[in-house]
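Below is one structure, written out as structure tokens; comments come after it.
Quick note: the coordinates plus some simple rules give every number you see, no bench work behind them. Please read all numbers here as calculations on a predicted model, not as lab measurements. Here the Cβ positions follow ideal geometry from the backbone for every residue, glycine too, while neighbour counts run over all protein chains shown.
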Amino acid sequence: MEEYKERHENDDEQYEYDEDGNIIWTWKKVIDPLPDIDHSQIDYPKFNKNFYEEHGDIKRLHYMEVVRLQNTLNLRIGGRETPRPVCSFAHFSFDKLLMEAIRKSEYEQPTPIQAMVSF
């Protein structure tokens, strides 16, 4: 850092440096802080975080078919009620524009991690 300071000692603009050698920017816009908000006093509407709805084809898979698909994708899954992997982009219920972009990019199937984190 000292070398940098010495090299730029004669620059047209003079800079100040903090203890780590970083430039202290003096022309930053000053922004007043926002007031504190007590969220416990606000009545928010209920929010459902579970956006994923399992595709019918995936729902109908038997346990051994799910295990076979996980093995094919080399997935190691633990825990209870883990989501079932998908094997096609059509199982994601993406909108039309996104599906067209996927087809145009010539992706044939989701990667293993995409197949598993479909929720």
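When the helices in the chain are scored as -39500 (n - 2.57) per DSSP H run of 4 or longer and the sum is shared across all residues, what 222 nm value do you end up with, to the nearest 500 deg cm²/dmol? Intermediate values should be presented prior to the final figure.
Values: 5 runs with 34 residues, N = 119.
It comes out at -7000 deg cm²/dmol, rounded to the nearest 500.
Translational diffusion coefficient, Stokes-Einstein: compute it for the chain using the Kirkwood radius over C-alpha pairs as Rh, at 4 °C and 1.567 mPa s, and state it as an integer in µm² s⁻¹.
Rounded to a whole number, D works out at 63 µm²/s.
Relative contact order of the chain, please, whole-number percent, based on alpha carbon pairs below 8 angstrom and at least 6 residues apart.
So the answer I get is 23 percent.
Is the shape of segment 17-73 rounded, prolate or oblate, going by the alpha carbon gyration tensor and its root eigenvalues a ≥ b ≥ c, with a/c under 1.5 for rounded and a/b larger than b/c for prolate?
On the way: a/c = 5.33, a/b = 1.94, b/c = 2.75.
Verdict is oblate for segment 17-73.
Of the listed peptides 96-105, 65-74, what is their order by residue-averaged count of other C-beta atoms within 10 Å, with the highest listed first?
Highest mean packing first, the order is 65-74, 96-105.
Using the Cα atoms of segment 56-116, I'd like the radius of gyration and the largest Cα-Cα distance, Dmax, both in angstrom.
Using the Cα atoms of segment 56-116, the pair Rg, Dmax is 12.6, 37 Å.
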